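Data block below; observations after.
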Amino acid sequence: MAKLLIVDDEIDVREFAANFFRRRKIDALTASSCEEAMEILEKEKPLLVLLDIKMPGIDGIETLRRIKERDQNVKVIMVTSRKPEEEETFDKCRQLGALYYIHKPLELDELEKIVLRELSL
């Protein structure tokens, strides 16, 4: 079964998204930090990661860099409450290999289509 890893420091966002995808028969794993995400990536080998940009400690951009260093084939979708045109964050994420840049609050229909397409379900 294809695995999805959701990385967000906000437990309500993380669990809401995980439960949404679990109801769609997707194996959704969760992590609250870069360190936890890297451990899960090593053990579980998810195909796709939903990654929050703004997290305390190691942020999502650095986490993205570390994910891609470890495995270029992992697909990553960045999640943010910021608008990409306000800063260079969007370009930086693209350069590091992120597929998409999605805004909070999450539009579940849009997110579901992207996740299903990327997991090829």
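Here is the figure for region 47-72: residues that are of a type in the set (D, E, K, R) and assigned to a strand (DSSP E or B) total 1. Residues in region 69-88 that are at pLDDT 80 or above and touching a strand residue (DSSP E or B) at 6+ places or on another chain (Cβ under 7 Å): Val74, Lys75, Val76, Ile77, Met78, Val79, Thr80.
Any idea which residue in region 1-35 is nearest to the chain's Cα centre (by Cα), counting only those that are under 17 Å from Asp52 (Cα atoms) and charged (D, E, K, R)? Only one residue fits best here, namely Asp8.
Taken residue by residue, region 84-92 has at least one member that is farther than 14 Å from Leu5 by Cα, in contact with a Lys or Arg (Cβ under 7 Å, 6 or more places away or on another chain) and assigned to a helix (DSSP H, G or I). Of the residues making up region 21-46, just one is touching a strand residue (DSSP E or B) at 6+ places or on another chain (Cβ under 9 Å), basic (Lys, Arg) and part of a helix (DSSP H, G or I), namely Arg22.
Contact annotation: residue pairs with Cβ atoms under 8 Å, 6 or more positions apart or on different chains, pairing a residue in region 39-65 that is within 18 Å of Asp91 (Cα to Cα) with a partner that is hydroxyl-bearing (Ser, Thr, Tyr) and part of a helix (DSSP H, G or I), are Leu51/Thr63; Ile53/Thr89; Ile61/Thr89.
The values are calculated or read from the model by the stated rules, or taken from the named source; none is laboratory data. What you see is a predicted model, and the numbers here were worked out from it, not measured in a lab. A quick note on method: Cβ atoms are made from the backbone with ideal geometry, for glycine too, and the neighbour counts reach across all protein chains shown.
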